[in-house]
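Worksheet: the structure to be examined is printed underneath.
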Amino acid sequence: MSTTVTPVDLPDAFEPPQTPDIPPPASETPDAGSIRELLRVALPLIVSSGSLSLMHVVDRIMLTRLDVNALAAAMPAGMFHWTALGFPLGVAVYTNTFIAQYHGAGQKARVAASVWQGVWLALGFGIILLSSAPFLSRLFVTLGHSAEVTRLEIEYFSVLCWGSAPMLLAVTLSTFFSGRGQNRVVMYVDVAVSILNAVLAAIFIFGFGPIPQMGIRGAAAATVTANVVACIAFAWMIRRVNQAEQYPFREQRRFDGELIRRMLRFGLPNGIQMLVDIAGYLMLVLFIGKLGTVELAATNLAFNLNALAFIPMLGLGTAVLTLVGRRIGEKRQDLAEKSAWRALFLAVSYVSVFAMIYMVWPDVLLGPYATQEDPQMIAAMSPEELTAYHAEHPPFEEVRPVVIKLLYFVAMYSVFDALAVIFGNAIRGAGDTRFSLVYTFLCGWFLMVIPSMLAVRYVEQPLWACWWAVTANIAALGIGLGLRFRSGKWKNMTVIEQVPPAH
């Protein structure tokens, strides 16, 4: 298949190609490979990822206060959109590796060319997703969810699709900064956009002044608007940086077929992996949705609280991917390995704190989600009417005890999640995307998706069986990717040319 990646062996005598306009960064700095260097790269990305995590948490809190059905609908619809985005998003994210390795090799022109090719790919994928939105939204009718949840799912997904191209563009443009280690720019933009999203979500969901209440459509509209603003902000920051550092963006804006092919060669497995991974969790959520609105809302909320620990860890993983890519460009694999192990120590320490909170103090996290029903409305209902109302709109108190039990599963697999994020990004930063794709697919579908499908049909307590399958999947991912990293095969890989391109 064209998506199969054959690792490129680096001859011992090979030196990374250099262009005369910029010397390669020195790797013999006093803190190279140290925790200090790792934190300098990672902290802005962690704050950036954390702000995005908080953005989703705030959206879910507002939707919970609107209606438990809105909370239940946001998860499958949002994951369905992420599944549609998974393939192009994985390719866009992998632009970071090209920029990191070209930056490490001292090739400014190829850094600029990589950004432009990522932009062309993002625009193309975004247009395709928007044009296919009307057809994809029809699939929600086949999921077997309640009529109200299905209606809300279609509304949420349809609006989110308008933000596909801006989201892909923002991710691509951000890699110009993250791939070169200028992560504070990414942090500033993401934090500002998260604050903007929270303000817009409150206004759009509940209405304010002349703006009518939009409900779940308002949450999606706020996300789309925030992505457009992020795209504009990154483009403006690139223009400012380029005035000082003089990257040849104007000369490199043409479509580069050879570079596009190589970006797809290495980026496609990463994109397919992201697609497979998200699709696996989407299938899980869809299976759980057949169990009832309470189970679906509880799963939504548990994953949302898991994001508090998981998404900031993705920032640390991106830092590992960047540093490994840079060191591969410099031919300093020893420093890349040190950075990965030190990142693992930080990741495990971080998630262990959240694991304790999940198990010991879950109500600290659940408090903001608690909602109270209108006592006058409840008092005016007959017992039959109240039963029918709760069947369609289950109260939060029915969801809370289920979430608390699910958080025990989250606590169990958190450390394995840390292993999977750090070691997975480390090997992908060198170009080892094929193994990551195949292994993620096998674990996700044979340890999580298929067992969950069978559990929903044949197990007496299917919700707990599904979450045991999630735990087994993540544990296998962490162990397997860790063993692949220990094997050292990634040290002989690269994604950039061995011969500098003709000028």
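The values are calculated or read from the model by the stated rules, or taken from the named source; none is laboratory data. The model shown is predicted, which means the values in this text are computed figures rather than measured ones. Backbone-built Cβ (ideal geometry, glycine too); neighbour counts: all protein chains shown. Accessible surface is based on the protein model in full, side chains and every heavy atom, while ligands, DNA and RNA are left aside. Shrake-Rupley method; radii C 1.70, N 1.55, O 1.52, S 1.80 Å.
Residues in the stretch 320-338 that are within 11 Å of Gly104 (Cβ to Cβ), assigned to a helix (DSSP H, G or I) and basic (Lys, Arg): 2 in all. From the list Lys405, Lys338, the one residue that fits, being at pLDDT 90 or above and basic (Lys, Arg), is Lys405.
Taken as a whole, the condition of being modelled with pLDDT of 80 or more and either closer than 23 Å to Trp464 by Cβ or not aromatic (Phe, Trp, Tyr) (or both) applies to Phe310. The residues listed here are Val93, Val111; of these, the one that is open to solvent by 10 Å² or more (accessible area, probe 1.4 Å) and within 22 Å of Gly271 (Cα to Cα) is Val93.
With respect to (1) of a type in the set (D, E, K, R); (2) within 20 Å of Val111 (Cβ to Cβ); (3) within 16 Å of the chain's Cα centre (by Cα), the lone exception for Arg184 is condition (3). Does Val149 meet the test of being at pLDDT 90 or above and farther than 30 Å from His103 by Cβ? The answer is no for Val149.
Within the stretch 131-176, the set of residues being farther than 21 Å from Gly118 by Cα, in contact (Cβ under 8 Å) with a residue 24 or more places away in the chain and aromatic (Phe, Trp, Tyr) comprises Phe140, Tyr156, Phe157. For the stretch 125-151, a tally of residues being open to solvent by 40 Å² or more (accessible area, probe 1.4 Å) and within 30 Å of Ile260 (Cα to Cα) returns 8.
Could you grab me the full set of residues in the stretch 12-61 that are farther than 30 Å from Ala297 by Cβ, at pLDDT 70 or above and small (Gly, Ala, Ser)? Break it down stepwise before answering.
Start the filter on the stretch 12-61 by keeping residues that are farther than 30 Å from Ala297 by Cβ, which leaves 12-45.
Remaining after also requiring at pLDDT 70 or above: 34-45.
Answer for the stretch 12-61, where residues must be farther than 30 Å from Ala297 by Cβ, at pLDDT 70 or above and small (Gly, Ala, Ser): Ser34, Ala42.
Among the residues of the stretch 249-271, those identified as open to solvent by less than 30 Å² (accessible area, probe 1.4 Å) and of a type in the set (A, V, I, L, M) are Leu259, Ile260, Met263, Leu268.
Take the conditions surrounded by 24 or more Cβ atoms within 10 Å (Cβ to Cβ) and of a type outside the set (Asp, Glu) and apply them to Gly86. Does it pass?
Values: surrounded by 24 or more Cβ atoms within 10 Å (Cβ to Cβ): no; of a type outside the set (Asp, Glu): yes.
Against the criterion (surrounded by 24 or more Cβ atoms within 10 Å (Cβ to Cβ) and of a type outside the set (Asp, Glu)), Gly86 does not qualify.
Does Val415 meet the test of being β-branched (Val, Ile, Thr), open to solvent by 30 Å² or more (accessible area, probe 1.4 Å) and touching a residue at least 40 places away in the same chain (Cβ under 8 Å)? It would help to see each step written out before you state the result.
Details: β-branched (Val, Ile, Thr): yes; open to solvent by 30 Å² or more (accessible area, probe 1.4 Å): yes; touching a residue at least 40 places away in the same chain (Cβ under 8 Å): yes.
Criteria met by Val415.
The helices (runs of 4 or more DSSP H) found wholly in the stretch 152-248 and carrying at least 1 residues that are open to solvent by less than 30 Å² (accessible area, probe 1.4 Å) and more than 23 Å from Phe87 (Cα to Cα) occupy 183-206, 216-245.
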